[in-house]
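Please treat every number below as a calculation from the coordinates, not as lab data. Everything numeric in this text was worked out from a predicted model, so none of it was measured. Ideal geometry is used to build each Cβ from the backbone, glycine not excepted, and the neighbour counts take in all protein chains shown.
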């Protein structure tokens, strides 16, 4: 049964859990500023370098639905403990790796641990806080997670230059693994006195059927494409290609580039609570906000890639990066859609499907950028990055097209449900452009 108030124990458990998520975001984004050093350490070109991020993010995406099952079966405390140990082991191996194969293995292990964190933290929040507090806790979790990204910008750059590669990542890995003890001692799956739910293993056939059923729901499909299009740009810039673009493509110093990347984090920290409050009070506004952001992002990428001469003034870059980063907090709309348009017993599955969308886009884009940069080798660096970053714009356009299409279809389903006298999660006003979708939905 849901709790009726938040206790001091609930806040302590959530704080302990969210620190693991902060560590996960830090580990996920370290290559944002260490990518060039990684290329030198392992002797890699852009395409091979992108494999580090592609594999880590790909593993994250593939692990989303299995992670939900693991949390259901073994509880968030055990899964979160395993996540801290996996991330600690992965980052320690990355610190000591002296070959490409070991480096790739380390990033895969990191991806496994990273994939287990966010779902576990949200499950703990759902168990220990009243339902009315959950949207706020979810938004606060995401905003605090951005602090891990902030540490992986200027502070990590300075530490790499002073302590070196091995000690920097060794300290981060060991500290994360040791913190698993705090999870074991301080986290509880349910409030004191509440029964621990027992969940039987789910057969693979049943799981596949749940995924197919969730995918057929227009609201789930809309959430998938909304996450695909809003999350990919800030993630690709923050996790791998933003720093090389700023240093090599725009000629900024390491410190200046790290400062610009920190704007991605500041934007997410500011935008998360802001958009969370807006969509909580005005749920009908969440898709217009999403579509408005996507339109703005298309304009911003046109500015970056089409600037005469290729060298964009620093103030323009700063503004563009800050605005593009708003896609991170806006991507939370996708999870609200999964929750609203699926029955409660299928929400976890739908959430996993939606979450795959964004990381699938990041996986493809990160690799495509690396391949194009390899092909553009020999061109002036500014021109090479204009070519190399084209996949980011292509993915954005594809996601915008599919998000718009499924938004119209989802609206048609809502209007059809209202016509049948059914309750709908969000009441929306019918527009003239809904007419084309309403006929097929009512046929």
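Overview of values
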{"item": "The chain - percent relative contact order, Cα under 8 Å, separation 6 or more", "result": "24 percent"}
{"item": "q = 0.06, 0.07, 0.14 Å⁻¹, the chain: log10 I(q)/I(0) [Debye, one scatterer per Cα]", "result": "-0.25, -0.34, -1.35"}
{"item": "Packing-based exposure ordering (other Cβ within 10 Å, fewest first) of 30, 16", "result": "16, 30"}
{"item": "The stretch 1-199: relative contact order as a whole-number percent, Cα under 8 Å and 6+ apart", "result": "39 percent"}
{"item": "Percent RCO, i.e. relative contact order, over the stretch 202-443, from Cα pairs under 8 Å lying at least 6 residues apart", "result": "35 percent"}
{"item": "Taking 189, 374, 98 and counting other C-beta atoms within 10 Å, the order from fewest to most", "result": "98, 374, 189"}
{"item": "Cα-derived Rg over Rh, computed across the stretch 1-199 with Rh taken as Kirkwood radius", "result": "1.01"}
{"item": "Computed [θ] at 222 nm, helices only, for the chain once each DSSP H run of length n ≥ 4 contributes -39500 (n - 2.57)", "result": "-26000 deg cm²/dmol"}
{"item": "The stretch 202-443 - convex hull of alpha carbons, volume per residue in Å³", "result": "149 Å³"}
{"item": "Proxy reagent accessibility, fewest Cβ within 10 Å first, across 413, 423, 418, 40", "result": "423, 40, 418, 413"}
{"item": "Rounded Å value of the spacing that divides the Cα centres of the stretch 10-41 and the stretch 303-356", "result": "19 Å"}
{"item": "Rounded FRET efficiency, nearest 0.05, which uses the C-beta distance separating residue 136 from residue 185 and R0 of 30 Å", "result": "0.65"}
{"item": "Cβ-Cβ FRET estimate between residue 15 and residue 383, R0 fixed at 51 Å, reported to 0.05", "result": "0.60"}
{"item": "Extension reserve of the residue 420-residue 207 stretch, reckoned as 0.36 nm per residue once the Cα distance is removed", "result": "73.6 nm"}
{"item": "Full-stretch length increase - residue 253, residue 285 - with 0.36 nm per residue and alpha-carbon distance subtracted", "result": "7.5 nm"}
{"item": "Length gained when the stretch residue 371-residue 319 is fully extended (0.36 nm per residue, less Cα-Cα span)", "result": "15.9 nm"}
{"item": "Highest-first arrangement of 173-184, 306-317, 41-52, 358-369, where packing means the average Cβ count within 10 Å", "result": "358-369, 41-52, 173-184, 306-317"}
{"item": "Spin-label pair residue 98/residue 40, simplified geometry with 7 Å Cα→Cβ offset, distance in nm", "result": "1.9 nm"}
